[in-house]
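Encoded as structure tokens, the structure appears first; notes follow it.
The values are calculated or read from the model by the stated rules, or taken from the named source; none is laboratory data. Predicted model, so just to flag it, every value in this text is computed and none were measured. With ideal geometry, Cβ positions are generated from the backbone for all residues, glycine too; neighbour counts draw on all protein chains shown. The protein model used for the area step is the full one, side chains on, heavy atoms only, and it has no ligands, DNA or RNA in it. Shrake-Rupley method; radii C 1.70, N 1.55, O 1.52, S 1.80 Å.
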Amino acid sequence: MAEYSTTTATAARHDHIVAHLQAAGLGALADLGFLGVDKPADPDDQVIVTGYKATRYRKLTTGQKSANKILAAGRAPVEHGFAHLKNWRVLTKLRTDPARATNLLRALLVLTNLEVNR
């Protein structure tokens, strides 16, 4: 199987992320890479919430900037968690039963928390 690169939005559409989230009754806070993935007819039915993107010709309003800051604050802990997991290179070559992987991740999380909170 050949590896190839694709955009976040294309991968989300291909994997039907919006349908899976709706089926689970969940929503998601996402970065600007997901712009345009979730376009419901009624804006109140939005499943994936993204920020606002400025262009050269259309600057963001104060309200849009505030919304982007709130969204970033909500996403920050998750992004930090992923960054910490990437520090543990053993996960890149992990080939094991998911139950064992869960225990390994829990152990790594404890070690990471000890290291971060020193």
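Tell me, please, whether a residue that is loosely packed, with under 10 Cβ neighbours inside 10 Å and modelled with pLDDT of 90 or more can be found in region 35-44. Scanning region 35-44, I find no residue that is loosely packed, with under 10 Cβ neighbours inside 10 Å and modelled with pLDDT of 90 or more, so the answer is no. Screening L104 on (1) open to solvent by less than 80 Å² (accessible area, probe 1.4 Å); (2) in a loop (DSSP other than H, G, I, E, B) shows it passes everything except condition (2). Here region 57-85 is the region considered, the condition is being under 20 Å from the mean Cα position of the chain (by Cα), of a type in the set (A, V, I, L, M, F, W, C) and over 17 Å from R106 (Cα atoms), and the residue that is surrounded by the most Cβ atoms within 10 Å (Cβ to Cβ) is L71. The one condition from (1) within 15 Å of the chain's Cα centre (by Cα); (2) farther than 19 Å from V78 by Cβ that V49 does not meet is (2).
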